[in-house]
Structures are given as structure tokens and as C-alpha cells.
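The values are calculated or read from the model by the stated rules, or taken from the named source; none is laboratory data. From a predicted model like this one, the values you see are computed outputs, not experimental measurements. Cβ placement follows ideal geometry from the backbone for every residue including glycine, while neighbour counts extend to all protein chains displayed.
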Amino acid sequence: MIGPGWHTSAVLALCMTFALSACSGDSRTKLTVFAASSLTEVFGRLEQTYEDRHPGVDVVISYGSSSTLADQIAQGAPADVIATADEQSLSSLARAEALVAAPQRFATNTLAVVTPPDNPAEITAVADLTGTDFVICDPSAPCGAGAEEVLRHSGVTADPKSLEPDVKSVLAKVTLGEADAGIVYVTDAQAAGDDVVAVAIDAEHNVINSYFVAAVRDTSGADDAAAWIALLTSRAGRSVLTDAGFGVR
Amino acid sequence: MSSEDALRQSWPPLRLTAPALVALGFLVIPLVAVVLRVPWSSFVSDLASTGARNALWLSLVTSSISAGLCLLFGVPLAWLLARTQFRGRSLLRAAVTLPLVLPPVVGGVALLLAFGREGLIGRWLDTWFGVTIPFTAAAVVLAQTFVALPFLVISVEGAFRASDERYDDAAATLGASRWLTFRRVTLPLAMPGVFSGAVLSWARALGEFGATITFAGNFPGTTRTMPTEVYLALNSDPGSAIALSMVLILVSIVVLSLLRERWLTGVSV
């Protein structure tokens, strides 16, 4: 026998659980975007633009390593759109027929070396990294795979001190002064402003990263997902991308 | 049959058993899910891979050192909290327990700001001795000790409090110094608590992830412990991540059974 009091509290507990997951008190529809860490600044600005143009929509963006995000979607994470810093992370989702259409290339990026403002190890080129405390992304993230290629092209065989889970963690280790240098995207170097000094990597040793976006199949926000991708690839979207240091087309 | 026995053997009320079963299922089902998904055909090769072996070895070594440090410094701190009177003791106890409830990532940031190259203390270590801690196995040990120490201190302090202080008084009356009393009377009486505290802190150190990846970073063989290996493997090779998780679950079960044996039989050394 279960008394009425028990019922009330159980119902209340269930309601609270659902209220939490539905971001309580907001009647706007939600557009959930998963994006590579390196897109943080650009997508932050596009979120503003999008919400100004679509007052009934609340854009929620989750940033992380491209492979982690793709994996989360494969496990059923509720995302409407995914934008990654590589093609590989999305191709596994495409194979599993989890995407509405083939991933669309929308930007390119290259890598740069960053050091703390005082550049303690006096690094002026990739070759100078040998013998310093430098960090890169883990090769499972696109920025790490790219950084390893840059090191190989430049003949640097020294090991990094750490393989960070995503590009923003690399940047953090440099801005905190814990690492002499890190390899990040030029756009991250630009976004970090005076917190770091960027050392350019010459084109012949650098790699070009392509960014891809796709709408996720079977979500409630299909129209908004399409509209988000349209904004990203529109003239306005492209100008935000170029402002941040990305290449478009 | 006494009436108490009859009461105990009657069917327990549903309003207690139903939520209890939900709680039980919630805790057990995820672990069963791991066991069901273990790729047994590649289990051995997954664990024999260099990456997994390095991570397992590093985890075992660092967590054992961390548990040792916890014992070395935690037991005296527990004694101080249990057997001395001074102003601000409750404040001290709150400070000791804080890492217990602090998100480990926050602990990692705090460790960076204290022991990092530009940190409060780390700056001087670098200037005076040329020692930098982040990105080394020592940083892994510091991160693990930071999160594990409160477990040991609380467990041992409880044991000190539970053991009768009159034995200490008797030893003192017989002329024993406080150090001798601690060594020959207080500590032996609290030994079960010290043991379970050591095992708990070792297990907590073994599972440490957030503070480690924030403070020590991630590099195979130096700072990539089992939890980090599992986290990264999930991106590239989910099967291997599941196999590694299985190993950590097995280790945890062994640790728990060790603890239970101690608690149930009440053996004191």
C-alpha cells in the first residue's frame, strides 16, 4: 500500500528531473549545437545574431573535441547541429546515417605556435620547440593530429610535455605560463589576444584544417538546424569567420 | 521465535523496498552494462597494448605512492584533530574535508596556481631549485594525494575518536611520553580504521581524473593514468575503453572485498 504522500513526492521528484532537463521556465524552443572548441568565439557571436533574428529560439552550444562530440551524438546526445574541425569525426556519423545530409565544408584553419607574452624559451620557429616544455592536443583531436604533422614536417622529434584533451586546454597551459609553448589554431592565437605571442608556422610546414557542419537526423529542431547552417554559410557568417582568422572557400 | 525475529522476517513494507530496489538498480545496472559490452575476444590484446600497460603501471605506482603519503602525513593530522584541543580546530577540520566535496577539476586548477611554474609555491621551487612540477609523474602523485588525503584523515580520525581515550590516560599515568603512547597504544587500537582509510585513499587516488588532467596533463608513460586512458580511448577505440573500465571495476571490487573482510571480522592488528 502506497499512501498519497508518497505519490506526491514521487511525482514531484519526476517533474523536477524533467524540468531540469528541459531547462525550466524558458518557453523558447531550443537549438542545440555541438561545436569544436576552436569555434568558441565565432559560434558565440553567431549565437547572438541567430537569437536576435529568431527571438523564439534559445541557442545552446556545447564545445569540445570534435571526436568527443561526434561520439556523444553516436551515443544519442540531443544535438541538432554538429560542427567539427575535421571530416573524419563526421564521416563515422554519416556512415551510421545519423546526419540529415552530407557534411558541408564551411571554413579552413591553420596552426600557429603560441608562447606566453614574455616568451621565456625564446621561440621564434617550430624548430625551436626542441628542448622546451611545449604542449599540443591529443592526436585523437584534429588539432593534435595536425600538430603532430607540423612537428614531423619541421623535423622536431622531441616529445611534447602533455597531450591536452582539446585546443582550449593547450591555450590555457600557455596563458597560465605552465608551458613554454603550445600549438593551437591561428584563430585561437588571435582570440587569446595579448595573453599569448603567436609565432607563425611557414606554409610549407603547416597543415590546413577543414571545418565541416551537418544537421543531425531525427531531432525536433530540424528547421532551426537548417537555418543555423544557412547563417553560418551566409555572407554574415563568413565575415564573422574571416574576422576570427578562419579561411572561407 | 522471539517477537523481534518475527518482525524482522515479516515482509518489509513496499514503500521502503520499492525505492531501495530503484537505488540498487541505478547503481548496479551501469556496471552490468559494462560487463555485457566487454569485447572478450580482444580483451587480452586491449590490455596488453603498450598504452594500456603503461597507464595501468603508472596508475598502480602513483596511487600506491599517494596512499603512502596520505598515511605518512594524514595519520598525524588525524591524531591532531582527534586528540588535541585548540582554537579553530573545527575550521581546520572543515579545510581538511573541503577537497572531498570540491570538484576535482577545481582542485587541479588550485594545484596549478599553487605548484605550477608560475604558482604561489611553484615559482620559488623553479627559481631556487630549478624544479617544475606540472607535466611530471610527481604532479600526478600530488593531484591524487590532494583528493585522497581527506578520505584517510576522516577515516583515521573516526577510529582515534572511537577508541577509548582512557587507555591513553593510563599509559600517560604509567609514565609514557605522548609519542610512546601514540606509537604503542593509540595507533594499534585504531589500526582497522587506518587500514580502511589507506585502502579508501588508494582507491580514490587510482580513480583520480579531473585534477590529474588539469594539473599534470596527459602524456603516455609519464602522466597518462588509467582514467585518462579510458577517457581518450573512448574517442578512438571504444572497445578498448570498455576493457580498461572492466579492469578498474575489478580492482574496485577486490578493494571493497578486502575492506569488508576487515570490517565484518573486526580483525585488529
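Can you find a residue that is over 26 Å from B:Val194 (Cα atoms) and either surrounded by fewer than 18 Cβ atoms within 10 Å (Cβ to Cβ) or more than 17 Å from the chain's Cα centre (by Cα) (or both) anywhere in region B:144-160? Checked region B:144-160: no residue is over 26 Å from B:Val194 (Cα atoms) and either surrounded by fewer than 18 Cβ atoms within 10 Å (Cβ to Cβ) or more than 17 Å from the chain's Cα centre (by Cα) (or both). Close contacts from region B:114-132, counting a first residue that is outside the structural domain of B:Phe146 (by TED's automatic domain parsing) and a second that is of a type in the set (Phe, Trp, Tyr) and not in a loop (DSSP other than H, G, I, E, B), with Cβ to Cβ under 9 Å and a gap of 6+ residues or different chains, come to none at all. Can you find even one residue in region A:30-38 that is modelled with pLDDT under 95, over 27 Å from A:Gly245 (Cβ atoms), exposed (fewer than 15 other Cβ atoms within 10 Å of the Cβ) and in the same structural domain as A:Ala215 (by TED's automatic domain parsing)? Within region A:30-38, not a single residue is modelled with pLDDT under 95, over 27 Å from A:Gly245 (Cβ atoms), exposed (fewer than 15 other Cβ atoms within 10 Å of the Cβ) and in the same structural domain as A:Ala215 (by TED's automatic domain parsing).
The set of residues from region A:143-165 being hydroxyl-bearing (Ser, Thr, Tyr) and surrounded by fewer than 24 Cβ atoms within 10 Å (Cβ to Cβ) comprises A:Ser154, A:Thr157. One residue alone among A:Val135, A:Val113 is within 13 Å of another protein chain (Cβ to nearest Cβ) and modelled with pLDDT of 95 or more, and that residue is A:Val135.
Of B:Thr97, B:Thr132, B:Thr127, B:Thr84, which residue is within 14 Å of chain A (Cβ to nearest Cβ) and either more than 23 Å from A:Glu178 (Cα to Cα) or exposed (fewer than 15 other Cβ atoms within 10 Å of the Cβ) (or both)?
Numbers: B:Thr97 fails: within 14 Å of chain A (Cβ to nearest Cβ); B:Thr132 fails: either more than 23 Å from A:Glu178 (Cα to Cα) or exposed (fewer than 15 other Cβ atoms within 10 Å of the Cβ) (or both); B:Thr84 fails: within 14 Å of chain A (Cβ to nearest Cβ).
B:Thr127 is the lone residue from the list that is within 14 Å of chain A (Cβ to nearest Cβ) and either more than 23 Å from A:Glu178 (Cα to Cα) or exposed (fewer than 15 other Cβ atoms within 10 Å of the Cβ) (or both).
Which ones in region B:100-113 are β-branched (Val, Ile, Thr) and surrounded by 16 or more Cβ atoms within 10 Å (Cβ to Cβ)? If the condition is that a residue be β-branched (Val, Ile, Thr) and surrounded by 16 or more Cβ atoms within 10 Å (Cβ to Cβ), then B:Val109 is the only one that fits.
Please pick out the residue among A:Ala236, A:Ala147 that is of a type in the set (Gly, Ala, Ser) and not assigned by TED's automatic domain parsing to the domain that holds A:Ala77. Step through it out loud before you land on a result.
On the way: A:Ala236 fails: not assigned by TED's automatic domain parsing to the domain that holds A:Ala77.
Going through A:Ala236, A:Ala147 in turn, just one is of a type in the set (Gly, Ala, Ser) and not assigned by TED's automatic domain parsing to the domain that holds A:Ala77: A:Ala147.
Inside region A:152-189, residues that are within 14 Å of another protein chain (Cβ to nearest Cβ), farther than 25 Å from A:Leu90 by Cβ and not in a strand (DSSP E or B) make up a count of 13. Residue count for region A:73-89 under the criterion of being under 14 Å from A:Asp218 (Cα atoms) and surrounded by 15 or more Cβ atoms within 10 Å (Cβ to Cβ): the result is 7.
Would region B:174-183 turn up any residue that is in contact with a Leu (Cβ under 6 Å, 6 or more places away or on another chain), more than 14 Å from chain A (Cβ to nearest Cβ), farther than 30 Å from A:Pro142 by Cα and modelled with pLDDT under 90? Full working, then the answer.
Step one: of region B:174-183, the residues in contact with a Leu (Cβ under 6 Å, 6 or more places away or on another chain) are none.
No, that holds for no residue.
Of the residues making up region B:201-232, those that are within 10 Å of chain A (Cβ to nearest Cβ), farther than 13 Å from B:Ala139 by Cα and without any contact (Cβ under 8 Å) to a residue 24 or more places away in the chain are B:Tyr231, B:Leu232. Any residue that is modelled with pLDDT of 90 or more, in a strand (DSSP E or B) and under 21 Å from the mean Cα position of the chain (by Cα) - is there at least one of those in region A:84-94? Yes, because at least one residue in region A:84-94 is modelled with pLDDT of 90 or more, in a strand (DSSP E or B) and under 21 Å from the mean Cα position of the chain (by Cα).
Does B:Phe115 satisfy being within 13 Å of chain A (Cβ to nearest Cβ), in contact with a strand residue (DSSP E or B) (Cβ under 9 Å, 6 or more places away or on another chain) and either closer than 22 Å to B:Gly74 by Cβ or among the aromatic types (Phe, Trp, Tyr) (or both)? So B:Phe115 fails the test. Comparison of B:Val109, B:Val194, B:Val141, B:Val199 shows that the only residue that is within 24 Å of B:Leu232 (Cβ to Cβ), assigned to a helix (DSSP H, G or I) and at pLDDT below 95 is B:Val109.
Quick one: is B:Leu71 aliphatic (A, V, I, L, M), within 25 Å of the chain's Cα centre (by Cα) and more than 20 Å from B:Asn218 (Cβ to Cβ)? Reasoning before the result, please.
Details: aliphatic (A, V, I, L, M): yes; within 25 Å of the chain's Cα centre (by Cα): yes; more than 20 Å from B:Asn218 (Cβ to Cβ): yes.
Yes; evaluated as a whole, the condition is true for this residue.
Here is the figure for region B:229-269: residues that are of a type in the set (Gly, Ala, Ser) and modelled with pLDDT under 80 total 3.
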